[in-house]
1. Heads up, I need the accessible area for R65: 1.4 angstrom probe, whole protein in place, Å², nearest 10.
2. Let me check something: with ligands and nucleic acids excluded, how do H227, H169, H240, H201 order by accessible area (1.4 Å probe), largest to smallest?
3. Ordering V212, V157 by accessible area with a probe of 1.4 Å, largest first, what comes out?
4. In terms of modelled amide H atoms, which long-range or inter-chain residues lie less than 5 Å from the amide H of H56?
5. With every protein chain present, what is the per residue accessible area of the chain (1.4 Å probe, Å²)?
6. Using a 1.4 Å probe on the protein chains only, how many percent of the accessible area of the chain belongs to carbon and sulfur?
7. Once the Cα atoms of helix 230-244 and of the chain are each reduced to a long axis, what angle between those two axes, in degrees from 0 to 90 to the nearest 10, is obtained?
Amino acid sequence: HEYGYVRDNIGDVLLDRVADIKDRSFPRVLDLGGGLGLPSLRFLGRAVTGVKEVVHSYLSEECLRRDKEAYERTIVEDPDYVAEEEPTHIWVNADEEMLPFAPDAFDMVISNLSLHWCNDLSGALSEAARVLRPDGVFLLSMFAEHTLVEIAESFAVAEQEREGGFSPHVSPFVRPSELAGLVQSAGFAIPTVDQETFRIHYPTLFHAMQEVGAMGEGNANVESRPHTPMTTLMAAAAYHQHTFA
């Protein structure tokens, strides 16, 4: 989890929002997409009132196994761990767009930096609404428009200059204004959308690309080119250095 700090930090922001909800308890929580991260998982039982069970759903079996093993190692190594104070954790391999849970199964659904990978975001939101109880709480974070815009712009300028056209080098991200409409259409009442900017500075374009890939947030476009010429890469790096360094 060396590169999980973005996920962990934003997961903590979500749980801070939960802590602001007073006079409510949430016995059963769904971690949709398995994005909470280890620090947030350990904090969950203290941040959310009355949590008895947390279900973690993952599309990727490999990610599920990795995070489950990491969590189990953490509690074994933690001298302050008290089993009676921890909620029960259940790990499930499931598609966010076709959840294997009954309607109204959860008091809270939390999805942290996961749903931007869905092919059918509207369908995934509808599934979250289906498994959430009528008076439940849904908390969602996801990367939105302008994420990694510096990388996208650097490659667009370099490819246009060197090759007379460009292909996408960054995954597509939803507009915040569109997300509000999708959440409401999925059946959620009183949706609120906040937008926050997190800036991380890298010395070069190559450092940024390496870290984005290590986070598992590489380009998911099916139309992306399999190979970029070295001259274009160097031109993109030079533009990035001049414009954003």
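1. That residue has around 120 Å² of solvent-accessible surface.
2. I get H201, H227, H169, H240, largest accessible area first.
3. Values: V212 20, V157 55 Å².
So, going from the largest accessible area down, we get V157, V212.
4. D31, I90, W91, V92
5. 55
6. On the way: 7000 of 13430 Å².
The value for the chain is 52 percent carbon and sulfur by accessible area.
7. Around 70 degrees separate the two axes.
The values are calculated or read from the model by the stated rules, or taken from the named source; none is laboratory data. These numbers come from a predicted model, not from an experiment. Quick note on the areas: whole protein, heavy atoms, side chains included, nothing else; ligands and nucleic acids left out. Shrake-Rupley method; radii C 1.70, N 1.55, O 1.52, S 1.80 Å.
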